[in-house]
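Since the structure comes first, as structure tokens, the remarks are kept for the end.
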Amino acid sequence: MRGTTMMFAGLTLLGLAGCNEHEMKTGAPVAGGAVAVATLHSAAGKDVGRATATEVAGGLRITIDVHGMPAGTHGAHIHTLGRCDPTDFASAGGHWNPTGMKHGSMNPAGPHEGDMPNLVIGSDGRGAIGVTLPGATMAGLLDADGSAMVVHAGRDDLMTDPSGNSGARIACGVFGAS
Ligand SMILES: [Cu+2]
């Protein structure tokens, strides 16, 4: 039991370290850069946090900050349609993929524009990540059919098309101009 607890603590620390690495890769802020926000809801309709997209040099900086979610490692992606109908959130469509790539940062033919690192949620139900998506634009994110942030039940293997075997969709939020 103690071993399990210690291993979990170690994983949590790794998650935080990964977060910091992404922070350092963030592009410089753009003066007057547009911001879009998505309030994330669980399948039961509970507010579980938010995702924010901010224009930065060369792309979009995306942050996710959640609470009240199941502990573990969860795939998180921007999906191509701005619609989050409970309870399965299938209405958000597939991953945001304007350049026609395959899924995953470890896929030689990837990644999708909307692919993100895994979101690690601690035993307190909280988790956060920040990453810059090179080439992503606010105009693309907020196009006519919109876009949505989706968090999945399982870990994204960052390679298997189309969604890294990350399982069911457990939280969803539609991006809107802020
Ligand atoms: Cu997804």
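Numerical summary
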quantity: Nonlocal amide H pairs with residue 79, under 5 Å, H built at 1.01 Å; calculated: 96, 148, 149, 150
quantity: Whole-Hz couplings from phi, Karplus 6.51/-1.76/1.60, listed for region 33-46; x for Gly and Pro; calculated: x, 6, 10, 10, 10, 10, 7, 8, 10, 6, 4, 7, x, 7
quantity: Helix-only CD estimate at 222 nm, as mean residue ellipticity for the chain, using -39500 (n - 2.57) per DSSP H run (n ≥ 4); calculated: -5000 deg cm²/dmol
quantity: Karplus 3J(HN,Hα) series, Hz, for region 135-146 with 6.51 cos²θ - 1.76 cosθ + 1.60 (x for Gly, Pro); calculated: x, 6, 10, 5, 4, x, 5, 9, 6, 4, 9, x
quantity: Potential lengthening between residue 91 and residue 139 on full extension [0.36 nm per residue; Cα-Cα distance subtracted]; calculated: 15.2 nm
quantity: Two-site FRET efficiency, residue 178 against residue 123, from Cβ-Cβ distance with R₀ of 45 Å, rounded to 0.05; calculated: 0.90
quantity: Semi-axes of the equivalent ellipsoid for region 64-153, Cα gyration tensor, largest first, Å; calculated: 22, 16, 12
quantity: Contact order relative to length of the chain, as percent, for alpha carbon pairs under 8 angstrom and 6 or more apart; calculated: 28
quantity: Under 5 Å, built H, 5+ apart or other chain: amide partners of residue 56; calculated: 61
quantity: FRET efficiency, 1/(1 + (r/R0)^6) with R0 25 Å, evaluated for residue 71 and residue 159 via beta carbons; calculated: 0.60
quantity: Gyration tensor verdict on region 76-115 (Cα atoms; rounded if a/c is under 1.5, prolate if a/b is larger than b/c, oblate otherwise); calculated: prolate
quantity: Inter-part distance where region 125-150 and region 46-119 are each reduced to a Cα centre, Å; calculated: 6
quantity: Cβ-placed point charges (K, R +1; D, E -1), dipole of the chain about Cα centre in debye, nearest 20; calculated: 320
quantity: For the chain, fraction of C-alpha pairs farther apart than 30 Å, in %; calculated: 12
quantity: Ranked list, fewest to most other Cβ atoms within 10 Å of each Cβ, for 147, 178, 166; calculated: 178, 166, 147
quantity: Fluctuation leader among 33, 146, 59 - the chain, Gaussian network, Cα springs under 10 angstrom; calculated: 33
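Only the coordinates and a few stated rules stand behind these numbers; no lab work does. What you see is a predicted model, and the numbers here were worked out from it, not measured in a lab. Backbone-built Cβ (ideal geometry, glycine too); neighbour counts: all protein chains shown.
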